[in-house]
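What follows is a single structure, written as structure tokens, with notes after it.
Every number in this text was worked out from the coordinates using simple rules, so none of it is lab data. The model shown is predicted, which means the values in this text are computed figures rather than measured ones. No Cβ is skipped: glycine too gets one built from the backbone with ideal geometry, and neighbour counts run over all protein chains shown.
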Amino acid sequence: MSVGNDWKARLAERYADVKASLRPGITLVAVSKLRAPEEIKALYDIGHRDFGENYVQELRAKQPLLPNDIRWHFIGHLQRSNVKHIVPFVHLIHGVDSEPLLDEIEKRAAACGRAIDVLLQARIAREETKHGLPPTQVAVVVRAWKPGRWQHIRLVGLMGMASLTNDREAIAKEFGILADLAAQLKGHAPEPECFSVLSMGMSGDLDLAMDAGSTMVRVGTAIFGERG
Ligand SMILES: *Cc1c(COP(=O)(O)O)cnc(C)c1O
């Protein structure tokens, strides 16, 4: 094999390893932030379709260069002013953390005749810098979900990120908080498919997230290698 294609072989190998570590029924989102379109295309050619991006400008630049049947997940912090740029094509918005943001998604989704799937992001980590709603506020937003208010949005679940720590017990506990919250909210859900998705787990804490009941994991480094 030529040296130029070694990276593709390594990518395929890492991807196969990650796939093999997933429990049945778990959706794998390949986090492609800061990765070149060629890398995304290489994974696409192996058959992968779900990709996660964190930055709107980067996603807008890459999306037209790549196949149309990619399911783009927006997993970063979304500003209201950027909603209009991703609503025409995004598959799932993971990090929704305010009612004004929902109002903006509703407005833009209605304008382009789409229904957008979203996850509410709950703040389960100890770090101050993490985005997301405090768990008690998640319930407040769910109660605000009156019929007709966000007609073009489907609330399909919750997303969370554990603390950046080597303390695996602490991480497991945080994932447990998110799983419990999803279970509680399911009872008051505005629609039946609500809270069927639990997006938690990254390269370093996949196994703990799956133990706690994750249904969707967001994996970058373990597939693509270290980000440069
Ligand atoms: C970058 C990122 C990931 C992937 O992290 P890895 O450690 O590279 O697997 C997952 N979720 C979010 C929200 C991210 O920003």
In region 5-223, lysine pairs 8 or more places apart or on different chains with C-alpha atoms under 14 Å apart total 5
Applied in sequence order to region 72-85, the curve 6.51 cos²θ - 1.76 cosθ + 1.60 (Karplus, θ = phi - 60°) yields integer Hz couplings, x standing for Gly and Pro, of 8, 9, 9, 10, x, 7, 9, 8, 4, 5, 9, 4, 4, 6
Note to self: C-alpha centroids of region 36-56 and region 66-142 sit apart, in Å, by 20
With the chain reduced to its Cα atoms and the Debye formula applied, log10 I(q)/I(0) at q = 0.10 1/Å amounts to -0.45
Binned at 10 Å from zero, the C-alpha pair distances of region 108-175 give percents of 19, 39, 26, 13, 3
Calc'd 3J(HN,Hα), region 142-148, phi into Karplus 6.51 cos²θ - 1.76 cosθ + 1.60 (θ = phi - 60°), Hz, glycine/Pro = x, comes to 4, 5, 6, 6, 7, x, x
The Kirkwood hydrodynamic radius of region 79-131, taken as the inverse of the mean 1/r over all distinct Cα pairs, in Å, comes to 11.8
Here, GluC sites (Glu not before Pro) of region 134-228 satisfying both criteria (DSSP loop; at most 15 other Cβ within 10 Å) are GLU193, GLU226
By the Cα gyration tensor axes a ≥ b ≥ c (a/c under 1.5 gives rounded; else a/b larger than b/c gives prolate, otherwise oblate), the shape of region 166-228 is oblate
